[in-house]
Each structure stands twice: as structure tokens, then as C-alpha cells.
1. Could you please find all residues in the range 93-132 being closer than 18 Å to Trp30 by Cβ and β-branched (Val, Ile, Thr)?
2. Quick check on Tyr74: is it hydroxyl-bearing (Ser, Thr, Tyr), at pLDDT 90 or above, crowded, with 20+ Cβ neighbours inside 10 Å and touching a strand residue (DSSP E or B) at 6+ places or on another chain (Cβ under 6 Å)?
3. Contact list please: Cβ distance under 7 Å, first residue in the range 161-183 and outside the structural domain of Gly107 (by TED's automatic domain parsing) and closer than 18 Å to Ala129 by Cα, second residue in a helix (DSSP H, G or I) and among the β-branched types (Val, Ile, Thr), pairs at least six apart or on different chains.
4. Go through the range 30-52 and give me each residue that's in a helix (DSSP H, G or I), surrounded by 18 or more Cβ atoms within 10 Å (Cβ to Cβ) and touching a residue at least 40 places away in the same chain (Cβ under 8 Å).
5. Within the range 150-164, is there a residue that is at pLDDT below 95 and among the hydroxyl-bearing types (Ser, Thr, Tyr)?
6. Looking at (1) part of a helix (DSSP H, G or I); (2) within 23 Å of Asp96 (Cα to Cα); (3) at pLDDT below 85, find the lone condition where Asp26 falls short.
7. In the range 1-18, what residues are in contact (Cβ under 8 Å) with a residue 60 or more places away in the chain and either of a type outside the set (S, T, N, Q) or touching a strand residue (DSSP E or B) at 6+ places or on another chain (Cβ under 6 Å) (or both)?
8. What is the residue count in the range 90-137 for residues that are part of a helix (DSSP H, G or I), of a type in the set (Lys, Arg) and crowded, with 18+ Cβ neighbours inside 10 Å?
Amino acid sequence: MSAIRLLVLGAVRQHGRAHGYQVRGDLEYWGAHEWSNAKPGSIYHALKHMAKQGLLHAHEIAPSTAGGPPRTEYEITGKGTEEYFTLLREALVARDRSIDMLSSAIGFMVDLERAEVVRLLRERLRRLAEWRDSVTEHYVPEEGPEKLGHIGEIMNMWVHTADGEAAWTRGLIERIEGGAYTFAGEGEPFVGVLTEGEENPYATGEQHPDDDR
């Protein structure tokens, strides 16, 4: 499961139609280039590849009267929407995914209904508990992880990671059940996308050949 696919599909979906540089701008605005593989080359490659897969529709836009090269605008398709929600739901429940997948899913969770997000997060809690139990049952000696010398610190890390993630997940569930945020079907949710021409204070400034395409 790839975070870049979820991020790009979600960004395009929020705009309705967007060209590649807009998508790149949004992801940099969210800081995704710091916590995921959302680098310019990966973003533009994902857009083109998913257009070939039928997940996005590429619209060729003629140059403006003010000049400049033509650009391709992307729009999510029905197949792409289905893929987007599949990735989103899987990322919210998965225990064994990288932090970039969970971070991406949290950024888009309001596209789902509140009750479903709570249900998915409770499933994530169940999987975390199951994994923690397997660590303590199969990998940690009865005498404690110290019996394994410094290697025991790996098991310590696994257990503390599970405990920390579970505590955070329970807190998120509590906040959501308490009415935090606006989810699908409840009104207009918060959308953190840049408008056309809006300056991005978090832009990397890195130039890429596909920025103007």
C-alpha cells in the first residue's frame, strides 16, 4: 500500500480538478515531503501512472491568452474514488503500515462518516492489542526482555510502540466521539488546500521539469 497514491488521489479529489503543480503545492503545504515519499518526481509519476490505470482522467488544457505552456489537469474517476476509499479505510485499521500511511489517512479521515471512522479506529486498537500480545507471548522470555541482553530492547521498543499507538488511538476516538471535526454528511469539512495563485509558505523551492506541465 503506497502513501503517495492515497495522498495524490486525495489531493486531486479535494480540488475536483487540479494540475500537477497544484497537487505538489498541497502536499508540500501539508508537509508531506517531510514524512512521506511525496517528492516532486514521485508526485508527477503517480499522476501519470494513475491516469494510465484509469484512476485519474487527464484533461489537456490549452495555453492561456497570457502565454505559457499548456497544462494537464487531473480529475479523479469513479475507479479512482473507489481506490481512494479502499486505501483510506485500510490505512486507518492497519497496524503494520508505515507512519506515512497513517498520517495520510488521518489527513483524509473526514471524507468518511464519523461512526465509520470510530469503528475503523477500534479495529486498529484490536489489531494493536493482538500484536502486543503476540510479542509478549512469543518473543519476551518469562524472565523479561533483559534475558536476551541488548537484543531485548527490540522487544521493549515493540511493546512501548504498541502502548503509545494504542493510547493515541483511544484519545482520537474519544475526541471524535466528543464531536471534534466535521465528517462526511455533517456539513463542510475543513479543507487545507491552496487556492490558485496562493503563496505556499512551506514550498521547498525545488525546481522540477514537470512543474509547468
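1. Residues satisfying the conditions are Ile99, Ile106, Val110.
2. So Tyr74 fits the description; yes.
3. Short answer, once both residue conditions are applied: Ile173/Val118.
4. Listed by number, the residues that qualify are Ala32, His33, Pro40, Tyr44, Ala46, Met50.
5. Checked the range 150-164: at least one residue is at pLDDT below 95 and among the hydroxyl-bearing types (Ser, Thr, Tyr).
6. For Asp26, the failing item is (2).
7. Met1, Ala3, Arg5, Leu6, Leu7, Leu9, Gly10, Ala11, Val12, Arg13, His15, listed by residue number.
8. Start the filter on the range 90-137 by keeping residues that are part of a helix (DSSP H, G or I), which leaves 90-93, 99-111, 114-137.
From what's left, of a type in the set (Lys, Arg): 114, 119, 122, 124, 126-127, 132.
Going one step further and asking which of them are crowded, with 18+ Cβ neighbours inside 10 Å, we end up with 114, 124, 132.
So the count comes out to 3.
The values are calculated or read from the model by the stated rules, or taken from the named source; none is laboratory data. Here the structure is a predicted model, which means the values were calculated and not measured. Cβ sites come from the backbone with ideal geometry, for glycine too, and all protein chains shown count toward neighbours.
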